[in-house]
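FYI, it's all coordinate maths here, none of it is from the lab. None of these values were measured; they are calculated from a predicted model. A quick note on method: Cβ atoms are made from the backbone with ideal geometry, for glycine too, and the neighbour counts reach across all protein chains shown.
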Amino acid sequence: MTRDAGMAHLDTYLDQVRRYLKPLPKSEIDEVVAELRSHVLDKVAGQPTPNQVEAAIEALGSPREVARFNLTERVSAEVEEDRSPLTVLRGIVRLAGLSLYGAFAGLVSFTGYGIAASFLIAAAVKPFARGRAGLWRLPDGTDSFSLTLGVTDHPPGHQGQELLGWWLIPIGIAVGLGLGWLTWRFGLFSVRLMRRSARRGRA
Amino acid sequence: MNSKPPDDRRDEARRKIVGRAQELGKWETEVRKGGLGLAVLAILWPGRLYGLEILRRLDSDAGMSIPEGTIYPLLSRMKAEGLVDSEWVESDAGHPRKYYRLTDPGRERVREMAQSWRAFAQGLERLLAPIDGESQ
């Protein structure tokens with residue numbers, strides 16, 4: 001009876017680890033979980049009472065921590081091997097669910113790449129759609145205004161003022177590439193930071 | 001000159017001592033962490049072991065007690081780097097265990113790491129010699 005309860009406790013723990021590891025391929029999740037199970041069973045040495053199991057689990061770390069060790073180590077290995085923006089972004093997405101910083105890094109990365117892409121697209125389209133691509137200053141009220149960047153079928157026309165003209169092309173390329181580079185560097189930095197902090201977390 | 005009440009001064013002194021002990025502890029952790037990779041590879045030198053055995057050897061032989069959950073990501077990284085290999089083996093305990101062993105490149109690497117660690121330690125030892133002489 002207590003043996004069953006102990007094993008049920010272990011299964012619940014491993015299910016939670018599994019959930020946090022979701023960004024990994026299934027075969028790898030199975031491997032990690034099988035090894036943790038084997039570890040706990042060795043630790044309790046054939047006596048899987050709930051208390052024994054709990055003590056073994058506690059020494060391993062919470063499901064989130066265990067997943068963090070695994071994911072950060074794995075993602076940073078991938079990123080060190082191939083530092084292309086796409087790999088870095090994929091790594092950031094995988095780590096986003098594990099910590100507040102991860103979520104923040106994900107948000108910054110998507111915003112950064114999104115704005116960078118908008119500038120590049122606007123610059124690329126400008127030669128073919130002179131009146132429809134641009135950076136417009138739109139009056140919101142008497143004292144305030146907003147900026148709209150991009151390509152549109154309905155240019156703001158007389159209410160708005162297009163700011164850059166043909167300058168959109170060099171400025172769009174420069175800003176787009178610059179911002180993309182910064183976002184990429186930020187991603188690399190974040191992956192390394194998260195790995196360091198995962199290792200330090202319980203050292 | 002010193003207008004603080006004695007209690008405050010005692011507290012301050014105690015805080016300083018605790019602070020220094022924490023600094024020393026942090027430094028020690030860093031030093032040990034630097035040697036962790038080498039220690040794990042060295043433990044595998046004589047033959048294959050599973051994760052918990054590696055953890056126990058780290059603790060008993062090197063006084064390195066690391067968070068248990070960190071050993072597996074470390075081993076899996078070493079595997080990805082081609083330094084170790086692993087296989088599942090059925091055990092008498094009634095469940096399979098994942099054993100790790102050094103690969104040939106892993107053996108080569110641990111030999112090189114040991115050499116460079118020894119060179120570093122011997123150099124440091126020379127620098128430390130006068131300190132030992134004075135404190136005795």
Task: Spin-label pair B:Ala80/B:Trp45, simplified geometry with 7 Å Cα→Cβ offset, distance in nm - done: 2.8 nm
Task: Binned Cα-Cα distance frequencies in region A:49-167 - 5 Å width, integer % - done: 2, 10, 13, 12, 10, 9, 9, 9, 8, 5, 4, 3, 3, 2, 1, 0
TODO: Calculate, for A:Leu182 and A:Arg3, the FRET efficiency according to 1/(1 + (r/R0)^6) with r their C-beta to C-beta distance and R0 45 Å; round to the nearest 0.05.
DONE: 0.20
Open item on the list: Within 11 Å, Cβ to Cβ, of B:Glu81, how many net charges do the neighbouring residues add up to if Lys/Arg are +1 and Asp/Glu are -1?
Closed with: +1
Task: Chain lengthening between A:Phe189 and A:Arg19 when straightened (0.36 nm per residue, less Cα-Cα) - done: 58.6 nm
Open item on the list: Averaging over every viewing direction, what projected area does the convex hull of the Cα atoms of chain A cover, in nm²?
Closed with: 16.6 nm²
Task: For A:Arg195, A:Arg90, A:Arg200, order by how many other beta-carbon atoms lie within 10 Å, fewest first - done: A:Arg200, A:Arg90, A:Arg195
Open item on the list: Just to be sure I follow the rule: in the protein assembly as shown, considering lysines 8 or more places apart or on different chains, how many pairs have Cα atoms under 28 Å apart?
Closed with: 15
Open item on the list: Can you compute the modelled spin-label distance between B:Leu128 and B:His95, with each label point 7 Å from Cα toward Cβ, in nm?
Closed with: 4.0 nm
- [ ] Per residue, how big is the convex hull around the C-alpha atoms of region B:38-131? Give it to me in cubic angstrom, could you?
- [x] 115 Å³
Open item on the list: Can you tell me how region A:121-180 classifies by the Cα gyration tensor, rounded, prolate or oblate, using a/c under 1.5 as the rounded cut?
Closed with: oblate
Open item on the list: On a full-extension model of 0.36 nm per residue, what is the gain between A:Ile115 and A:Arg200, subtracting their alpha-carbon distance, rounded to one decimal in nm?
Closed with: 27.2 nm
Task: At 1.567 mPa s and 4 °C, Stokes D of region A:39-81 from Kirkwood alpha-carbon radius, µm² per second - done: 110 µm²/s
Open item on the list: What value in Å³ per residue do you get for the convex hull of the alpha-carbon atoms in region A:1-60?
Closed with: 66 Å³
TODO: For each of A:Phe145, A:Phe186, A:Phe128, A:Phe69, count neighbouring Cβ atoms within 10 Å of the residue's Cβ, then give the residues from fewest to most.
DONE: A:Phe128, A:Phe145, A:Phe186, A:Phe69
Task: Two-decimal log10 I(q)/I(0) for region B:1-93, as the Debye equation yields it once each C-alpha is a single scatterer, q = 0.20, 0.21, 0.24 Å⁻¹ - done: -1.01, -1.07, -1.26
Task: Residue exposure sequence - A:Ile57, B:Ile71, B:Ile131, A:Ile29 - by fewest surrounding Cβ within 10 Å - done: B:Ile131, A:Ile29, B:Ile71, A:Ile57
Open item on the list: Kirkwood hydrodynamic radius, computed over distinct alpha-carbon pairs, for the protein assembly as shown: how many Å, to one decimal?
Closed with: 24.8 Å
- [ ] Using θ = phi - 60° and the Karplus relation 6.51 cos²θ - 1.76 cosθ + 1.60, list the HN-Hα couplings for region A:33-40 in order, rounded to whole Hz, with x at every Gly or Pro.
- [x] 5, 4, 5, 5, 4, 4, 4, 5
